[in-house]
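The values are calculated or read from the model by the stated rules, or taken from the named source; none is laboratory data. Remember, predicted model here, so these are calculated numbers, not experimental data. With ideal geometry, Cβ positions are generated from the backbone for all residues, glycine too; neighbour counts draw on all protein chains shown. To get the accessible areas, we keep the full protein, side chains included, count just its heavy atoms, and leave off ligands, DNA and RNA. Shrake-Rupley method; radii C 1.70, N 1.55, O 1.52, S 1.80 Å.
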Amino acid sequence: MSDKPIIACASDHAGLRLKTVLIEHVKELGHDVLDLGPHETQSVDYPDYGYKLASAVAGLEADIGIAVCGSGIGISMALNRHPAIRCALVTNGLMARLARQHNNANVIAFGDRLIGEDMAKDCVNAFLKAEFEGGRHKRRVDKLSAPTLQC
């Protein structure tokens, strides 16, 4: 068993190309990958694959996730419907690192139409290297999974 996290990946049809690139990248880094689909370019609905990825990460089939759709917005919204998921839509390495360090993100999302392959790989690298800092951030992150009506 590897000490590296298992990474689950999912996309819709518009994110299939970048998802495939990122799967190969994380495999090259030595990670095991759970590819949740799709595997063909025919039109599919991003919520279906977002929910599938959320279930895999929340159910501990994978440690973290990578999600891709055309803009990254729809699939990240679907993922964040699950109380155990903290998905961050990122566009650069700093965002990816801070999502992990400050928000304990367990999934990152990309917009295939909005980010280049090299930048997406840099984001994955930053995300995988970063660790949650805890401390003052823990209280805030805990509230994400247990929202209250206190305002």
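If I model a spin label at Glu28 and Glu40 as a point 7 Å from the Cα along the Cα→Cβ vector, what separation in nanometres do I get?
2.9
What ranking, highest mean first, results for peptides 83-89, 31-37, 112-118 when packing means the other Cβ atoms within 10 Å averaged over each residue? All intermediate terms of the calculation are to be shown ahead of the outcome.
Working: 83-89: 20.9, 31-37: 17.1, 112-118: 14.6.
Highest mean packing first, the order is 83-89, 31-37, 112-118.
Would you tell me the accessible area of Lys52, worked out with a 1.4 angstrom probe on the heavy atoms of the protein chains, in Å² to the nearest 10?
100
Rounded to a whole number, what % of the accessible area of the range 1-106 do carbon and sulfur atoms account for, probe 1.4 Å?
Numbers: 2640 of 5050 Å².
Solvent-exposed carbon and sulfur of the range 1-106 make up 52 percent of the total.
Based on DSSP H runs of at least 4 residues, each adding -39500 (n - 2.57), what is the mean residue ellipticity at 222 nm of the chain after dividing by all its residues, to the nearest 500 deg cm²/dmol? Can you show the working numbers first?
Details: 6 runs with 67 residues, N = 151.
That calculation yields -13500 deg cm²/dmol at 222 nm.
Taking the simple approach of a point 7 Å from Cα along Cα-to-Cβ for both Thr20 and Asn103, what is their distance in nm?
That separation, rounded to one decimal, is 2.9 nm.
Scan the range 5-66 for GluC sites (Glu not before Pro) in coil per DSSP, keeping those whose Cβ has at most 11 other Cβ atoms within 10 Å, and list them by number. List each step's numbers first, then the result.
On the way: sites: Glu24, Glu28, Glu40, Glu61; in loops: Glu40, Glu61.
When the GluC sites (Glu not before Pro) of the range 5-66 are filtered for loop state and at most 11 Cβ neighbours within 10 Å, Glu40 remain.
Is the shape of the range 1-76 rounded, prolate or oblate, going by the alpha carbon gyration tensor and its root eigenvalues a ≥ b ≥ c, with a/c under 1.5 for rounded and a/b larger than b/c for prolate? Each step should come with its number before you reach the end.
Values: a/c = 2.27, a/b = 1.45, b/c = 1.56.
Oblate, since a/c reaches 1.5 and b/c is not below a/b.
Show me the three semi-axes of the equivalent ellipsoid for the range 74-151, from the C-alpha gyration tensor (sqrt of 5 times each eigenvalue), largest first, rounded to whole Å. Kindly include the intermediate steps, with their values, before the conclusion.
Numbers: eigenvalues 109, 49, 13 Å².
For the range 74-151, the semi-axes come out at 23, 16, 8 Å.
Between helix 117-129 and the chain, what is the angle of the helix's C-alpha long axis to the longest principal axis, kept within 0 to 90° and rounded to the nearest 10?
40
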